[in-house]
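I have placed the structure first, in the form of structure tokens, so that the comments after it can refer back to it.
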Amino acid sequence: MVGVDPGTTAAVAILTLEGEPISIRSGKNFSIQDMVSYISQYGSPCIVAADVNPAPHAVEKLSRSFDCKLYVPPSDLHKEEKNVLTKNYSFTNFHQRDALAAALKALEYYRAKFNNVDARLQEKGLLNHSESVKHLVLKGYSVENAIELLQEATEPEEPEKAEKSVPEPPRELDVSELQKRIQDLTQTVERLTEYKTELELRVKSLETQLTDVQRELRLYDQETRKKVIESKMVKSRESVIKKLRGELHIERERNKILSEENEILKEMQILEYSRKAVPVKVLNHFSKEEIRALDDRLGIKSDDIIYLLDASGGGTSTARELIGKGVRAVITHERMSHLAEEEFTRAKIPVFTEEEVALKALGNFGVVNKDLFESAYTHWKTRTQIQEAKVMEKQLCTIIEEYKEKRIKDESPK
């Protein structure tokens, strides 16, 4: 089965019907044709799943390309549900997480049906054909019909004469599975060929239409041509007006969001001036892309305090990206990776939990109690200095011991 997260940066997750990951890939300009080619390397899927309702056009088109089931959740999957679904899987970005969550949600939906298939196959001693039967069931066959069809395809021919049966050596290759694999690949090639033919016919049809229109225009007299041009100009202007209205709506929404953020920023500044609270900037995901986006939108200045709402996924290089901005401290909602925390420690940047500093966050901003923060910062600084002093003391003791040993060795009679 395949989970898909379309967009400018798209992702595809390929899983077995048992939920085992086969391959996950994401990238910019990952077109439908690229997805079809990539998926076809692993066979023909029986389910294509989306993580939103309704399913995006690209996901529907991908499902039609493979002539397979399209799974659409009852409603959009929220981030919390995606995190729960994918907690035992590895991925490199939230696009891959969304594609993986879509496939796992589809597996959760069909799990009862798949368990029923496995139970029936277990009774008949045919559990090794589980995946083939499930493919047929998803195509619309009943479990019994699917088993009968599979048995007919694999049933050996009866010998013409009764002879003493000699046990045949076990076959190393499952011919039916190889034939199914060849059939799936052949169908994929045929679908791609049909799609290419459709596009070529569409281009040819458009070229023909263009030629006909040009021929008709040449037949019109000057007055008629003028009316046609004026009509096109009106349509063109209406199209421009519609486009501008859409852009205006987007800009108004963007302006509304910026105004709200500006009001919150003003409140943070008031709190800062009152010297009772310290402002905090919120980073939703611990990734380089999110860090740069926050820097572009609000600016990350030296001595800023950053709150990591989701600290998972970030490693050493991500920590260095934030360290390079000169931040004073980092506050986490969840535990970050050991490597990232060590990188902050080496840079002498403390990492606090939100409970330690009484954090209150709203949208892209938050505040911490100034007294609690300064107390925690002082405590961290003192603890760090003590640890550094212990390390220096240990190093000094080592040097002294080595010196004593050397003196004793030098003074001992030769």
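Quick notes on this structure:
- Residues (part of a helix (DSSP H, G or I), under 18 Å from TYR109 (Cα atoms) and touching a Lys or Arg at 6+ places or on another chain (Cβ under 9 Å)) located in the range 60-90: SER63, GLU81, LYS82, ASN83, LEU85
Condition check ((1) surrounded by fewer than 16 Cβ atoms within 10 Å (Cβ to Cβ); (2) modelled with pLDDT under 90; (3) over 30 Å from SER312 (Cβ atoms); (4) among the acidic types (Asp, Glu)) across all residues:
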| position | (1), (2), (3), (4) |
| --- | --- |
| ILE39 | no, no, no, no |
| VAL52 | no, no, no, no |
| LYS87 | yes, no, no, no |
| ASP98 | no, no, no, yes |
| LYS124 | yes, yes, yes, no |
| ASN128 | yes, yes, yes, no |
| VAL133 | no, yes, yes, no |
| TYR141 | no, yes, yes, no |
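- If the condition is being out of contact with any helix residue (DSSP H, G or I) (no Cβ under 7 Å at 6 or more places or on another chain), crowded, with 21+ Cβ neighbours inside 10 Å and at pLDDT 90 or above, then the range 11-37 contributes no residue at all.
- If you filter the range 2-22 down to residues that are free of Cβ contacts under 8 Å to residues at least 24 places away in the same chain and of a type in the set (Asp, Glu), you find that the one that is nearest to LEU107 (Cα to Cα) is GLU18.
- Single residue of SER205, SER239 found to be modelled with pLDDT of 75 or more, within 30 Å of VAL36 (Cα to Cα) and assigned to a helix (DSSP H, G or I): SER205
- As a summary of the residue check, GLY324 satisfies the conditions (1) modelled with pLDDT of 90 or more; (2) within 23 Å of SER375 (Cβ to Cβ) except for the one numbered (2).
- Some residue of the range 250-264 being in a helix (DSSP H, G or I), β-branched (Val, Ile, Thr) and at pLDDT below 85: yes
- Being under 27 Å from THR92 (Cα atoms) and either surrounded by 16 or more Cβ atoms within 10 Å (Cβ to Cβ) or in contact with a helix residue (DSSP H, G or I) (Cβ under 8 Å, 6 or more places away or on another chain) (or both) is a property that VAL357 lacks.
- Just one of the numbered conditions (1) assigned to a helix (DSSP H, G or I); (2) assigned by TED's automatic domain parsing to the domain that holds LYS288; (3) more than 30 Å from LYS82 (Cα to Cα) is not true of GLU321: (3).
- Residues being under 21 Å from the mean Cα position of the chain (by Cα) and either in contact (Cβ under 8 Å) with a residue 40 or more places away in the chain or not assigned by TED's automatic domain parsing to the domain that holds GLU18 (or both) - total across the range 58-70: 3
The values are calculated or read from the model by the stated rules, or taken from the named source; none is laboratory data. Please read these numbers as outputs of a predicted model, since none were measured by experiment. Heads up, the Cβs are rebuilt from the backbone with ideal geometry, glycines too, and the neighbour counts pull from every protein chain shown.
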